[in-house]
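Before any comments, here is the structure.
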Amino acid sequence: MTIYDWIRYREIRGQVTFSVEELKSAFEGKSAITIKTELHRLVKKGYINSVYRGFYVVVPVQYQLKGVVPPVYYIDWLMRYVGKPYYLSLLSAAAMHGAAHQAVMITQVTTVAPRIKYSSKNPGLNWNYRKQIPEELLMTKNTEAGVVRYSNPEFTAVDLVQFADHVGGYQRASTVLAELVEAMDIGKIAAVVPYTTIATLQRLGYLMEFVLEEQEMANALFLILKEHGQWKSISLRNDRPKKESAKPNRWHVNGNVEIEIDDL
């Protein structure tokens, strides 16, 4: 059996990725140089791609012309390889819930520290990090190569506000939220509280009430927040001076930036 045959054998059985370690184990009689040369030849022919150090994905026929495999195709296999929990997050998760107006060409993935060393072999991946991945707030979806994990609508909404800088700021986050609210059950935000900050929820409530004009959802979120004691007065953006003319509000958020959502 050749290396190509071995890869093909695995592919038709649903194993669309492999590591160099697995290959060396299967071909103990071949030298490391021989294996490296053969892998280089198969990459050059566009049959496989190296998407991480020592980790390869078989390029499906529908992607061979472009020569680039979307990370969603192999992300679950990759994260098993690196041994880390993960979920598609932010704009990528929002798109899974139908909020695709602001979809981007990159795939945004959240995992845990230590940070994964950036690889130019993964140009379509954008990494974000949390101390803990809350499994109960994740959903799964079948893909052409297996499954993919992504944050539920409520967790996605919180992430968009907490990590607004990763999506281009509150303007863009608000535009995505305007679509995402259709998939949200605001009562489920209570389950997200242990994994975020009170300041994030204050900002989310402010955006819900004064930008998105989702009064019922804002009221429900306010009741959840009331159970968590006193809140500090904060600014919508910490890197901007406070707006002296901003009107006081129940969220104790100084609206120091103007936000108008894009046309949907």
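General observations
- Residues in region 47-59 that are in contact with a helix residue (DSSP H, G or I) (Cβ under 7 Å, 6 or more places away or on another chain) and either in a loop (DSSP other than H, G, I, E, B) or of a type in the set (Lys, Arg) (or both): 54 alone.
- Looking only at residues in region 60-81 that are in a loop (DSSP other than H, G, I, E, B) and not β-branched (Val, Ile, Thr), the one that is surrounded by the most Cβ atoms within 10 Å (Cβ to Cβ) is 70.
- Taken over region 208-238, the criterion of being farther than 25 Å from residue 180 by Cβ and open to solvent by 90 Å² or more (accessible area, probe 1.4 Å) is satisfied by 230, 232.
- A single member of 99, 93 is buried (at least 21 other Cβ atoms within 10 Å of the Cβ), out of contact with any strand residue (DSSP E or B) (no Cβ under 8 Å at 6 or more places or on another chain) and aliphatic (A, V, I, L, M), and it is 99.
- For region 10-27, taking the residues that are surrounded by fewer than 12 Cβ atoms within 10 Å (Cβ to Cβ) and at pLDDT below 95, the one that is nearest to the chain's Cα centre (by Cα) is identified as 14.
- Every residue from region 246-264 that is closer than 17 Å to residue 176 by Cβ, open to solvent by 100 Å² or more (accessible area, probe 1.4 Å) and not charged (D, E, K, R): 264
- Residue pairs whose Cβ atoms lie under 8 Å apart, separated by 6 or more positions or on different chains, with the first residue in region 231-254 and in a loop (DSSP other than H, G, I, E, B) and the second of a type in the set (D, E, K, R) and open to solvent by 90 Å² or more (accessible area, probe 1.4 Å), are 252/232.
- Residue 243 being at pLDDT below 95, surrounded by 13 or more Cβ atoms within 10 Å (Cβ to Cβ) and more than 21 Å from residue 157 (Cβ to Cβ): yes
- The number of residues in region 179-199 being buried (at least 21 other Cβ atoms within 10 Å of the Cβ) and assigned to a helix (DSSP H, G or I) comes to 3.
- Filtered residue count, region 200-220, keeping only those that are without any contact (Cβ under 8 Å) to a residue 24 or more places away in the chain, assigned to a helix (DSSP H, G or I) and either at positive phi or polar (S, T, N, Q) (or both): 2
- The residue that is most open to solvent (accessible area, probe 1.4 Å), among those in region 149-175 that are within 9 Å of residue 90 (Cβ to Cβ) and not in a helix (DSSP H, G or I), is 163.
- Every pair of residues 6+ apart whose Cβ atoms lie under 6 Å, when the first sits in region 24-51 and is among the acidic types (Asp, Glu) while the second is crowded, with 16+ Cβ neighbours inside 10 Å: 38/3
- When we screen 171, 132, 162 for residues that are closer than 26 Å to residue 240 by Cβ and touching a residue at least 40 places away in the same chain (Cβ under 8 Å), the only hit is 171.
- Looking only at region 1-46, residues that are over 20 Å from residue 60 (Cα atoms) and part of a loop (DSSP other than H, G, I, E, B) come to 6 in all.
- Odd one out for residue 84, checked against (1) open to solvent by 20 Å² or more (accessible area, probe 1.4 Å); (2) in contact (Cβ under 8 Å) with a residue 60 or more places away in the chain; (3) not in a helix (DSSP H, G or I): (2)
- Residue in region 69-83 that is at pLDDT below 95, farther than 28 Å from residue 134 by Cβ and not acidic (Asp, Glu) present: yes
The values are calculated or read from the model by the stated rules, or taken from the named source; none is laboratory data. Because the structure is predicted, anything quoted here is derived from the model rather than measured. Counting neighbours? That spans all protein chains shown, and the Cβs are built from the backbone with ideal geometry, glycine included. When the accessible area is computed, the model is the full protein with side chains, heavy atoms only, and any ligands, DNA or RNA have been set aside. Shrake-Rupley method; radii C 1.70, N 1.55, O 1.52, S 1.80 Å.
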